Structure formats: C-alpha cells, structure tokens
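Data block below; observations after.
What follows draws every value from the coordinates through simple rules; no lab data is involved. Predicted model, so just to flag it, every value in this text is computed and none were measured. With ideal geometry, Cβ positions are generated from the backbone for all residues, glycine too; neighbour counts draw on all protein chains shown.
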Amino acid sequence: MVQDGSRDIVEKMGLSSVKLLRHKRNRGKGAALRSALKAVDGDIVIIQDADLEYDPADYPKLLAPILNGNADVVYGSRFISGDCRRVHLFRHYMGNVILTFLSNLFSNYNLSDMETCYKVFKRDTVKRLRLKENGFGIEVELTQKFARVVAAYAALQ
C-alpha cells in the first residue's frame, strides 16, 4: 500500500478539532468516505481530496448556495472557472466527459464535472443515502443518489 504521509501530518498538527480516521488496510475511496460520513457531526460537509488539486480558499463560493438556502448539494468543477485552471490529460478529461454525460442522462442534471472532488452538502441530506461503493464508483453513486433525494424533496414542496 502506498502511503503519502497524510496521517503523520495530521497527527503532528495536534488539532483537537480534527478527527483522524483510519482503516487497517486501504479499502478504497468509497469506504473512506463512508467512514468519514458516519463520523460527521457538523451541519455541512465538504469533500476535499487530500492532493489539494482544489484550493480551500474556494470554500466560501461553494458554501454560499447552501448558506443562502438555495441548495442542499453543491458540486465544484474543474472545467468551469474564470480563474486559472489545471491542464488535464486528454484521456482523463474525455473519460470524465463521458461519465458526466451518462450521469447527467440518468439524473437529468447538467453537471460539468461529476467526478469532482469538491462536493458540499447538508449532513441531513447525505444521511438519507445508503452508500455501498468502496472504490471510485462512489462518485457516481453519490451523484445519482443525491439526485433522487433532492428530486423527492422538491416533489414534496
């Protein structure tokens, strides 16, 4: 198993507000997210991958629609930005475009980056989901299940 030293960095920070969760062995991104979501006690959750492809300075922009009462779930995008953005390998970009297209087809949403590692949502919204995926398929599972929950909630309004 490849280790990037994240655990050591978090432990050295010694922040009492940070919960360090660990699996005995690498079980995949989905398993890690499911464990983290069980431990969440705040009202709003931000998924931020540890590689810092995204800038935490963007949190206020991502949180605004939820804090203003205009959304229960917000997705960031690597492809829509007025700022500088990272150059992606063509085959990775095209894979994302195809997966996002298929996801949009089934959810009836118009996301530009379903695979984004910047997802923000209300804790009570994600607690309604029964997540099962262990690997990177968690991205698709989250998106499709969020779409169903939000659509059901909208139908009740």
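The table that follows gives values for the structure above.
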| item | result |
| --- | --- |
| Under 5 Å, built H, 5+ apart or other chain: amide partners of Tyr118 | Gly76 |
| Using θ = phi - 60° and Karplus 6.51 cos²θ - 1.76 cosθ + 1.60, couplings along segment 124-133 (whole Hz; Gly, Pro as x) | 5, 6, 6, 5, 7, 8, 9, 8, 10, 5 |
| D (Stokes-Einstein, µm²/s), Kirkwood Cα radius, segment 6-156, 0.692 mPa s at 37 °C | 196 |
| Extreme residue, positive dipole direction of segment 6-156, given options Val140, Ala32, Ile44 (C-beta unit charges) | Ala32 |
| Of Lys24/Lys132; Lys61/Lys127; Lys29/Lys145; Lys12/Lys127; Lys19/Lys145, pairs whose Cα-Cα distance is over 21 Å | Lys61/Lys127; Lys12/Lys127; Lys19/Lys145 |
| 15 Å beta-carbon shell around Val18, net charge (K/R +1, D/E -1) | +1 |
| Value at 222 nm in deg cm²/dmol, rounded to 500, when DSSP H runs of n ≥ 4 in the chain each add -39,500 (n - 2.57) | -13500 deg cm²/dmol |
| In Hz, Karplus ³J(HN,Hα) per residue of segment 66-75 (6.51, -1.76, 1.60; θ = phi - 60°; x = Gly, Pro) | 6, 5, 7, x, 9, 7, 9, 9, 10, 10 |
| Residue-by-residue Karplus 3J(HN,Hα) for segment 24-31, coefficients 6.51, -1.76, 1.60, Hz, glycine and proline x | 4, 9, 5, 10, x, 4, x, 5 |
| Gain in span if fully extended, His23 to Glu11, counting 0.36 nm per residue against the direct Cα distance | 2.8 nm |
